[in-house]
1. Can you tell me which residue is modelled with the highest pLDDT among those in region 95-148 that are part of a loop (DSSP other than H, G, I, E, B) and touching a Pro at 6+ places or on another chain (Cβ under 6 Å)?
2. I'd like to check something: does region 460-482 contain any residue that is open to solvent by 40 Å² or more (accessible area, probe 1.4 Å) and assigned to a strand (DSSP E or B)?
3. Is one or more of the residues making up region 402-410 at pLDDT below 75, outside any helix (DSSP H, G or I), within 19 Å of residue 302 (Cα to Cα) and out of contact with any Ser or Thr (no Cβ under 6 Å at 6 or more places or on another chain)?
4. If you scan region 361-386, which residues turn out to be surrounded by fewer than 18 Cβ atoms within 10 Å (Cβ to Cβ) and of a type in the set (S, T, N, Q)?
5. When region 200-251 is examined, which residues are found to be of a type in the set (Gly, Ala, Ser) and part of a loop (DSSP other than H, G, I, E, B)?
6. Looking only at residues that are among the polar types (S, T, N, Q) and closer than 24 Å to residue 174 by Cα in region 214-249, which one is most open to solvent (accessible area, probe 1.4 Å)?
7. Report yes if residue 308 is at pLDDT 90 or above, of a type in the set (A, V, I, L, M), in contact with a strand residue (DSSP E or B) (Cβ under 9 Å, 6 or more places away or on another chain) and open to solvent by 10 Å² or more (accessible area, probe 1.4 Å), otherwise no.
8. Give region 51-67 a look and list any residue that's open to solvent by 60 Å² or more (accessible area, probe 1.4 Å) and either modelled with pLDDT of 90 or more or assigned to a helix (DSSP H, G or I) (or both), or say none.
Amino acid sequence: MSLSSNTPNRSPRTRWMASAAALTLLAGSSYGLVTFAGSHEARATQVITSDLNAQAMPSFSTVVQRVKPAVVSVKVKLDGGVNQAANPSEQFDNLPPQVQEFFRRLGPPQEQFPPNVSPPAMAQGSGFFVSSDGYVVTNNHVVQNAKDVTVTRDDGTALSAKVVGTDPKTDLALLKVNEKGDYPFVSLARNQPAIGDWVVAIGNPFGLGGTVTAGIVSAHGRDIGSGPYDNYLQIDAPINKGNSGGPTFNLKGEVVGVNTAIFSPSGGSVGLAFDIPALTVSSVVDQLEHGGKVDRGYLGVRVQPVTADIAQGLGMPAAAGALVDSAEPGTPAAMAGLQSGDVIVKVNGTAIRDARELTRLVGAMRSSGKAEITYLRDGKELTATIALAAQSDERQANADTGTSDARPILGVQLAPAKAVPGAGGAGVVVVGVDPNGQAAAKGLAEGSVILEVAGKPVETPQQVKTGLEQARKDGKKAVLLKIKTADGSRFMAVTFASA
């Protein structure tokens, strides 16, 4: 009997599957796979999928091993018994309720104290070495009111440190360890990461030192309302309380940002974290190291955004730039001739998108520098070269972020300022507001004073009415009113209904 006579006949499909099985086994052996799972077809799919996953998923181990020794935890004993968990930094008091400060402190340490003895007030966060001789970057709100500062390295070594300088306006601080040594350090990135780039955050969440998380850059230029220089990177790497002051790295091992704030309904990470960009950190840290404080240029203007209807009122093709409310007397802006109603559109040739960008650009300059300011006045583009002044602690640009809509009527009762006690001698006072009118929708309240209509001073209610009617006759879609309130002066755009 021949061997072939006992072998069942195989269909072409059966022979193909047998061949595929042989190929699959050979391919599988190169991956260390020695058992089958399901059919031969499933086996082939499994090997291919495993190969694709191995290629697609990045490993961060190499960069983490290189940079992790430079990351530290920062523990602070607070001066005068200030408990920052109960009394958080005023710097962040104006944030929206769900925008949490990264670290509202972990509270007192775990040691037990007698009932009549209060534990010392403590704070804890993260930081990282930026030089071999022991300079450490962290957040201002981590070391604010610090009496004693201890830096703990990744190997558990504890080092005492002093605060070299702080900058509350960017929430940065620079420390220097007291012990001499050759410390591992990391570099700040010179280029901003692209949206979608992988990043790795390392820090001390909830006191758990050396914790590594990963994600991507979600957005640039975020303004969360924490200060005049907001320009955060948004990342989705999981960040929690205690990561404050810790670094976020690109895959080259460069620091692209310093973890500072999270947006969270619960207080935990929901994938919305905000970092101070490395370029800001580099500028601030350099000044803190060489002088203990930051020198910022001061222009001397109060500004507000150019909204769409304000742009219409000014005859501008698009809503961009910073509208000058006022140039403070004796300031560089006033001495250079800038005045209320001008729209600043460029600084040193860089286009200004909004009022906050003007604040950031001027604030990034030194007080000894000069700025070429390009502005619009009565539809004409003008330029002035202005020698900046030093910015004192209480000086900062004030950007009014109010919005406006397109209701057809103003809806106010007016009286001459001279006829209203305490209103001053200039302008027209709002003495009544229709809750359904345009003025109420824009936040105009009783006691506000209308100083100008379409750039012309007004002293009587009739002048206000005439100015509005003339603008409508001229075919304008909006007209600007200059308003004075208890908070200062600003512009408001009155829009007209379409015919």
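1. Step one: filter region 95-148 for residues part of a loop (DSSP other than H, G, I, E, B), giving 95-98, 102-121, 130-134, 139, 144-145.
Of the ones still in play, those that are also touching a Pro at 6+ places or on another chain (Cβ under 6 Å) are 98, 104, 108, 113, 119.
On the way: 98: 45, 104: 39, 108: 34, 113: 44, 119: 56.
Restricting to residues being part of a loop (DSSP other than H, G, I, E, B) and touching a Pro at 6+ places or on another chain (Cβ under 6 Å), the top hit is 119.
2. Within region 460-482, the first condition is being open to solvent by 40 Å² or more (accessible area, probe 1.4 Å), and the residues that meet it are 460-463, 465-466, 469-470, 472-477.
Add one more test, that the residue is assigned to a strand (DSSP E or B), and what stays is none.
No.
3. Yes, region 402-410 has at least one match.
4. Hits for region 361-386 are 367, 368, 383, 385.
5. We begin by selecting, within region 200-251, every residue of a type in the set (Gly, Ala, Ser); these are 201, 203, 207, 209-210, 214-215, 218-219, 221, 225-227, 237, 242, 244-246.
209, 210, 225, 226, 227, 237, 242, 244, 245, 246 - these are the residues of region 200-251 that are of a type in the set (Gly, Ala, Ser) and part of a loop (DSSP other than H, G, I, E, B).
6. Going through region 214-249, the residues among the polar types (S, T, N, Q) turn out to be 218, 226, 231, 234, 240, 243-244, 248.
Next, from what is left, pick out any that are closer than 24 Å to residue 174 by Cα: 226, 231, 234, 240, 243-244, 248.
Details: 226: 12, 231: 52, 234: 18, 240: 35, 243: 7, 244: 0, 248: 0 Å².
Per the criteria, the residue is 231.
7. On the way: at pLDDT 90 or above: no; of a type in the set (A, V, I, L, M): yes; in contact with a strand residue (DSSP E or B) (Cβ under 9 Å, 6 or more places away or on another chain): yes; open to solvent by 10 Å² or more (accessible area, probe 1.4 Å): yes.
The answer is no for residue 308.
8. In the first step, residues of region 51-67 are kept if they are open to solvent by 60 Å² or more (accessible area, probe 1.4 Å); the result is 52-57, 59, 62, 65-66.
Result: 52, 53, 54, 55, 56, 62, 65, 66.
The values are calculated or read from the model by the stated rules, or taken from the named source; none is laboratory data. These numbers were taken from a predicted model, which means no experiment stands behind them. Because the Cβ atoms are built from the backbone with ideal geometry, glycine has one as well, and the counts that use them run over all protein chains shown. To get the accessible areas, we keep the full protein, side chains included, count just its heavy atoms, and leave off ligands, DNA and RNA. Shrake-Rupley method; radii C 1.70, N 1.55, O 1.52, S 1.80 Å.
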